[in-house]
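These notes concern the structure reproduced below.
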Amino acid sequence: EFAGVLSSDDFSVYNGCQVKAQQKCLAHLLRHFKKVLALPGRNNNAAVATVFIELINEAFRQHRFWREHGDLAIYHQWANEFKVRLNQALATWLGNVGYAAGLLLKSLRDKAAQWWYFLEDPNVPPDNNLAERSLRLAVTKRKVSGGSRSMGRFEQTADLLSVIQTCRFQARSAMAFFREA
């Protein structure tokens, strides 16, 4: 259980987590629609992908604008109008697209609270880029070293890398932290 907002990619394992709320990564969703845009066929894939790519890009722009200017009233007005256009686009295209695009649209409909939570609370970013950057050190270490040989060593390494990344985010020297500890 987690009393906060879980930011994640759209991997299905996160769907069952007991959390206050979820925010699935719009950067991942954008990549999915770009793949749909490149699919061959005449089943409206290009048209639907173009519509949703534009909506996602608009959401990123508006969230960035809110971060820079902080006007909550303007943000919420935009978010309310955006939700109407988003629902209209879903109603227009759902059932009128190919299989891959249809799966994405069904996910947007069925898990709307997870894809668009940042519209309600702009303090939550619309992507999980910070989390992915935080994991990059651990992933690189695992790839270079071949991973840990035991669960105990894995846990020790995870703890160490967590401290190092926390120090980086706090603009502190990890070595100075270890000396002080």
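Things to note:
- Residues being closer than 14 Å to L103 by Cβ, in contact with a helix residue (DSSP H, G or I) (Cβ under 9 Å, 6 or more places away or on another chain) and exposed (fewer than 15 other Cβ atoms within 10 Å of the Cβ) - total across the stretch 10-38: 1
- Yes/no for E54 being open to solvent by 80 Å² or more (accessible area, probe 1.4 Å), within 20 Å of the chain's Cα centre (by Cα), within 20 Å of R109 (Cα to Cα) and acidic (D, E): yes
- Any pair with Cβ under 8 angstrom, 6 or more apart, that starts in the stretch 79-101 at a residue that is within 29 Å of W66 (Cβ to Cβ) and ends at one that is assigned to a helix (DSSP H, G or I) and basic (K, R): L90/R109; L94/K106; L94/R109
- Enumeration of residues in the stretch 147-181 that are open to solvent by 90 Å² or more (accessible area, probe 1.4 Å), assigned to a helix (DSSP H, G or I) and of a type outside the set (S, T, N, Q): M151, R153, F154, E155, D159, R168, F169, M175, R179, E180
- All of (1) open to solvent by 60 Å² or more (accessible area, probe 1.4 Å); (2) over 21 Å from the mean Cα position of the chain (by Cα) hold for A46 with one exception: (1).
- For F60, the stated conditions hold: it is open to solvent by less than 60 Å² (accessible area, probe 1.4 Å), over 16 Å from A112 (Cβ atoms) and of a type outside the set (A, V, I, L, M).
- Within the stretch 85-101, tally of residues that are at pLDDT below 95 and within 20 Å of the chain's Cα centre (by Cα): 2
- Filter pass, E81 being out of contact with any Lys or Arg (no Cβ under 6 Å at 6 or more places or on another chain) and at pLDDT 95 or above: yes
The values are calculated or read from the model by the stated rules, or taken from the named source; none is laboratory data. No experiment lies behind these values; they were computed from the predicted model shown. Positions of Cβ are backbone-derived with ideal geometry, glycine not excepted, and every protein chain shown enters the neighbour counts. Surface areas here come from the heavy atoms of the whole protein model, side chains and all, with no ligands, DNA or RNA. Shrake-Rupley method; radii C 1.70, N 1.55, O 1.52, S 1.80 Å.
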